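Structure first, then comments.
The values are calculated or read from the model by the stated rules, or taken from the named source; none is laboratory data. What you see is a predicted model; the values in this text were computed from it and never measured. Every residue, glycine among them, receives a Cβ derived from its backbone with ideal geometry; neighbour counts consider all protein chains shown. The protein model used for the area step is the full one, side chains on, heavy atoms only, and it has no ligands, DNA or RNA in it. Shrake-Rupley method; radii C 1.70, N 1.55, O 1.52, S 1.80 Å.
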Amino acid sequence: MNSELLLALVLFSTVASITPGPNNLMLLTSGVNVGFQRTLPHLAGVWIGFFVMLLAVGGGLGEVFQRWPSLYVWLKWCGAAYLLYLAWRVATAAAPTPTESTPGAQRVLGFWGAVAFQWINPKAWVMAVSAFSLYFVPGSGLLTVLLIALVIALVNLPCVSLWALCGAHLRGFLQRPRNLRVFNGGVALLLVLSLVPLAL
């Protein structure tokens, strides 16, 4: 991979990773509800799960979907149903706990839940398939697949971490019930809107 293609891949990864999507909105909400420290397993699950997905797509999973398109459709609608469920959970969430260590703090998506979610996350699929469609040169081999996946994953980590940190910094502001209702409603609406591309 030449330097120009690598720079283009970094720019693509940055824009795709920092813009709102299900992972970022869920990390933002988790940061608000339980703080950054308790969001770390969720964050790690997003990162590792997405990296594994990238390797799978680069290794030929995209061809499986071309051969059996109904499998992709099934995954797509499972993801849509789960996002609607998440939107409802966010919209009806209670006030965040005063400290991250408060007993009875809200239940958050853990490591394995976040890993599994990547496989039904529409934005993750679009990013993975687009990246290898645009930046993988046929016949380049598995080392190029690994390089592309590593570059995207290394760019992705600080981008998604920023959303969790922003959520953690909003905790004090969102102790007020009215502010929390507005925030939760806005995040839930964005999650629902993230489904629009699936209907097109």
Of the residues in the stretch 30-41 that are modelled with pLDDT of 90 or more and of a type outside the set (Phe, Trp, Tyr), the one that is nearest to residue 123 (Cα to Cα) is 30
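Counting only residues that are among the polar types (S, T, N, Q) and farther than 21 Å from residue 57 by Cβ, which one in the stretch 148-200 is modelled with the highest pLDDT?
From the stretch 148-200, those among the polar types (S, T, N, Q) are 156, 161, 175, 179, 184, 194; that's our starting set.
Then drop every residue that is not farther than 21 Å from residue 57 by Cβ, which leaves 161, 175, 179, 184.
On the way: 161: 97, 175: 78, 179: 85, 184: 83.
Per the stated criteria, the residue is 161.
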Test for residue 132: is it open to solvent by less than 30 Å² (accessible area, probe 1.4 Å) and aromatic (Phe, Trp, Tyr): yes
Only one of (1) polar (S, T, N, Q); (2) at pLDDT below 85; (3) in a helix (DSSP H, G or I) is not met by residue 144, so which one is it? (2)
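Here is a list: 88, 112, 47. Which entry is surrounded by fewer than 16 Cβ atoms within 10 Å (Cβ to Cβ), within 29 Å of residue 132 (Cβ to Cβ), in contact with a helix residue (DSSP H, G or I) (Cβ under 8 Å, 6 or more places away or on another chain) and at pLDDT 80 or above?
Within the list 88, 112, 47, the selection yields 112.
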Residues that are more than 12 Å from the chain's Cα centre (by Cα) and open to solvent by 20 Å² or more (accessible area, probe 1.4 Å), drawn from the stretch 152-170: 154, 155, 158, 162, 165, 166, 168, 169, 170
Out of the residues in the stretch 171-200 that are over 18 Å from the mean Cα position of the chain (by Cα) and open to solvent by 80 Å² or more (accessible area, probe 1.4 Å), which is nearest to residue 80 (Cα to Cα)? 199
For residues that are of a type in the set (S, T, N, Q) and without any contact (Cβ under 8 Å) to a residue 12 or more places away in the chain, scanning just the stretch 1-35, find the one that is nearest to residue 194 (Cα to Cα). 19
Condition first: under 20 Å from residue 2 (Cα atoms) and not in a helix (DSSP H, G or I). Now tell me which residues in the stretch 118-141 satisfy that. 136, 137, 138, 139, 140, 141
